[in-house]
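Report on the structure given below.
The values are calculated or read from the model by the stated rules, or taken from the named source; none is laboratory data. Since the structure is predicted, the reported quantities are computational estimates derived from the model, not experimental observations. Cβ: placed from backbone, ideal geometry, glycine included. Neighbour counts: every protein chain shown.
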Amino acid sequence: MRRPVLYALVFLGIYLSYRVLSPFFVALTWAVMFAILFRRMQDALSRRTGANGAALITTLTVGLLIVTPTLFLVSTVAREAPQAIDSLKQASQGAPRQLQRLWDEVRQRSPVALPEDPTDLMTRGAQRLLAYLAPQAGSFVAGVFAALGTLLAMLFALFFLLRDGAAMSRLLRDRLPFPAQESDRLLTDTRDLVIASVGASLIVAASQGAVGGVAFWLLGIGAPVFWGVAMAFCSLVPLAGAALVWLPAAIWLLLSGAIGQGVAMLLVGTLGISMVDNVLRPLILTGRTSISGLVIFFGLLGGAAAFGFVGLLIGPIILVTTARLLEELRRSEPIEEPVA
């Protein structure tokens, strides 16, 4: 077979493989990460139960580690939600007067005539919002089933990655165009970065939830445990993060007339809760892997923008691995001796 034809077939196969596997990108990415994280557990169990038994036990353990916190979150929300709703109702008692004052100022400065009572506008806006949200219920249900499908696909892939992980690692090392020692170093660096990325995400989520919950408690906002758990969960959302909870709370406090509490929440949210992510995550990653903070910063932001939440984990990994590959490629090139 002619080499150009072979290259064309290889690129065609790569493209078709991408189209086949792209729907499972998130599931496969998580499966690879969990396989790296639980490699030692798999190796320890395989000496007693064999590769299949160890992979099954480890996969079930990972499933429980995912499902159990989710059930705890749901139960916490169900237990704390009534208190949170009551606190919102109490805070809203002074909101109409504050809104009316704000509306009067807007009317005085507006170049167009506005009604004296903003209630009608708010009612129409609420009706439009409900009309928009009603069809989204089906999308929410579909999203729940999609998440369950992703979880099952991830666990299925994880079983085989755990069972055949050693053979896959050897195959990958042998296929890399570098000496064995350099290939081992590249794979080790990637593994360390994966472990550090996952650990940093969990530590940041717990820290933001704790700081936010304490802030809500000190400011006298009801159900601080509920809001702390909500912030920990939302901190996993790319870009917005825990601000999805504390920013609306601060705005509501300001509109309710609690100016001091609202300003305090804005300060705590901006300088405290949000800075936990901006400071703690790079510190953990640089301390664990000795990677440039600049690379980590753009890896986090770019990864989140390109891949969503999973990009927070794989963004720095992609940049660092690419840099390592370029470094190994440079080392592998023969040094040309100057011609006398």
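So the values come out like this:
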{"read-out": "Where A258 falls short, out of the listed (1) at pLDDT below 80; (2) surrounded by 18 or more Cβ atoms within 10 Å (Cβ to Cβ); (3) closer than 30 Å to Q42 by Cα", "value": "(3)"}
{"read-out": "Top-ranked residue in region 164-186 [being under 27 Å from the mean Cα position of the chain (by Cα) and touching a residue at least 60 places away in the same chain (Cβ under 8 Å); ranked as nearest to L325 (Cα to Cα)]", "value": "L186"}
{"read-out": "Selection from region 22-47 of residues that are out of contact with any helix residue (DSSP H, G or I) (no Cβ under 7 Å at 6 or more places or on another chain) and among the aromatic types (F, W, Y)", "value": "F25"}
{"read-out": "The lone exception for A223 - which of (1) touching a Leu at 6+ places or on another chain (Cβ under 8 Å); (2) not assigned by TED's automatic domain parsing to the domain that holds L37 it fails", "value": "(1)"}
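Every residue, every condition in (1) over 19 Å from S197 (Cα atoms); (2) at pLDDT below 90; (3) over 19 Å from the mean Cα position of the chain (by Cα); (4) assigned to a helix (DSSP H, G or I), yes or no:
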site	(1), (2), (3), (4)
L21	yes, yes, yes, yes
F24	yes, yes, no, yes
R40	no, yes, yes, yes
I57	yes, no, yes, yes
V67	yes, yes, no, yes
